[in-house]
């Protein structure tokens with residue numbers, strides 16, 4: 001064996017090993033890069049007014065992308081009795097110092113961290129104020145006949161805690177309200193439009209908000225009642241946030257309905273097929289998307 005052959009014989013194994021190491025490194029890098037960092041976080045409502053010595057827990061925030069994160073907070077001015085739990089709920093335990101507290105939330109995962117400033121505010125007072133300014137972010141919905149519905153948690157000014165009651169016109173026992181103000185209807189709700197007055201009470205008084213919420217029960221397909229649950233259950237791994245189109249947002253689905261219909265009807269695992277990481281939707285589910293389009297893309 002001459003010297004040239006001997007050197008090549010040594011270099012080839014080392015080149016192969018180096019390639020393996022490089023491929024492994026790229027694989028790890030791709031896996032890391034596939035984990036998106038937090039884009040947004042929302043508390044609804046995003047503020048609370050409480051009496052001194054009161055305990056309280058906020059709603060669990062919604063995040064985009066919807067993944068597992070670690071949470072931390074910065075409270076201004078500092079108060080050790082205001083904390084955040086692993087689910088992102090802001091907890092208040094027996095705060096006795098009156099004042100307004102502004103909270104920054106730091107959200108982290110393996111892709112990095114991001115600080116959301118002034119994301120939540122807490123007012124602590126020794127004197128209660130009566131309820132005012134009840135607001136549902138979406139105060140009118142269409143519900144398909146035979147399906148359940150539930151509103152978002154309303155925002156309300158005044159001192160926590162509150163109690164809620166409702167009167168619907170026409171009266172229907174299938175409509176109710178929770179302890180935190182969410183209005184729900186059961187699948188037995190009959191066809192019609194229901195105008196709902198909400199009465200909110202606390203230690204400082206009571207107020208009725210007329211026509212605070214409207215439910216229209218219809219045999220038409222709507223986004224909130226029929227399409228959104230399908231997207232969250234069938235398309236959640238790709239289209240609830242991150243770099244791809246977020247189809248949980250009404251306008252995004254509405255504006256891309258023809259593309260969605262085209263891709264969910266393709267042969268399973270063919271190019272462009274959706275859901276990319278799942279099984280083909282049932283004929284009934286595909287028909288819901290088509291009927292949503294035919295019915296006018298109702299919210």
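The values are calculated or read from the model by the stated rules, or taken from the named source; none is laboratory data. What you are looking at is a predicted structure, and each value in this text was computed from that prediction instead of being measured. Methodologically, a virtual Cβ is constructed for each residue, glycine included, from the backbone with ideal geometry; neighbour enumeration extends over all protein chains shown.
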Legend entry - The listed residue being modelled with pLDDT of 95 or more and not assigned by TED's automatic domain parsing to the domain that holds residue 249, out of 7, 73: 73
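Give, as residue ranges, the strands (runs of 3 or more DSSP E) completely inside segment 118-233 that count at least 3 residues that are within 30 Å of residue 274 (Cα to Cα).
Details: elements: 132-135, 140-144, 155-157, 163-169, 175-177, 183-185, 192-202, 205-218.
By residue number, 140-144.
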Inset, instruction - Answer yes or no: is there a residue in segment 291-298 that is surrounded by 14 or more Cβ atoms within 10 Å (Cβ to Cβ), within 26 Å of the chain's Cα centre (by Cα) and at positive phi. - result: yes
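Against the condition under 25 Å from the mean Cα position of the chain (by Cα), over 30 Å from residue 168 (Cβ atoms) and either in a strand (DSSP E or B) or outside the structural domain of residue 166 (by TED's automatic domain parsing) (or both), how does residue 246 come out, does it pass?
Values: under 25 Å from the mean Cα position of the chain (by Cα): yes; over 30 Å from residue 168 (Cβ atoms): yes; either in a strand (DSSP E or B) or outside the structural domain of residue 166 (by TED's automatic domain parsing) (or both): yes.
Criteria met by residue 246.
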Inset, instruction - Count, please, the residues in segment 257-283 that happen to be in a helix (DSSP H, G or I) and under 26 Å from the mean Cα position of the chain (by Cα). - result: 7
Legend entry - Tally, over segment 128-155, of residues that are more than 20 Å from the chain's Cα centre (by Cα), closer than 29 Å to residue 203 by Cβ and in contact (Cβ under 8 Å) with a residue 60 or more places away in the chain: 6
Inset, instruction - Could you check how many residues of segment 43-66 are without any contact (Cβ under 8 Å) to a residue 60 or more places away in the chain, within 14 Å of the chain's Cα centre (by Cα) and surrounded by fewer than 18 Cβ atoms within 10 Å (Cβ to Cβ)? - result: 2
Inset, instruction - Residue by residue through segment 120-135, note down the ones that are at positive phi and out of contact with any strand residue (DSSP E or B) (no Cβ under 7 Å at 6 or more places or on another chain). - result: none
Inset, instruction - Looking for whichever is in contact with a strand residue (DSSP E or B) (Cβ under 9 Å, 6 or more places away or on another chain), surrounded by 16 or more Cβ atoms within 10 Å (Cβ to Cβ) and either farther than 29 Å from residue 280 by Cβ or at pLDDT 85 or above (or both) here; the options are 240, 248, 201. Which one fits? - result: 201
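Filter segment 181-227 for residues that are free of Cβ contacts under 8 Å to residues at least 60 places away in the same chain and under 17 Å from residue 137 (Cα atoms) and give the result. Lay out the reasoning, then the answer.
Step one: filter segment 181-227 for residues free of Cβ contacts under 8 Å to residues at least 60 places away in the same chain, giving 181-197, 199, 208, 210-211.
Correct list: 181, 182, 183, 184, 195, 196, 197, 210, 211.
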Inset, instruction - Determine whether residue 277 is surrounded by fewer than 17 Cβ atoms within 10 Å (Cβ to Cβ) and modelled with pLDDT of 90 or more. - result: no
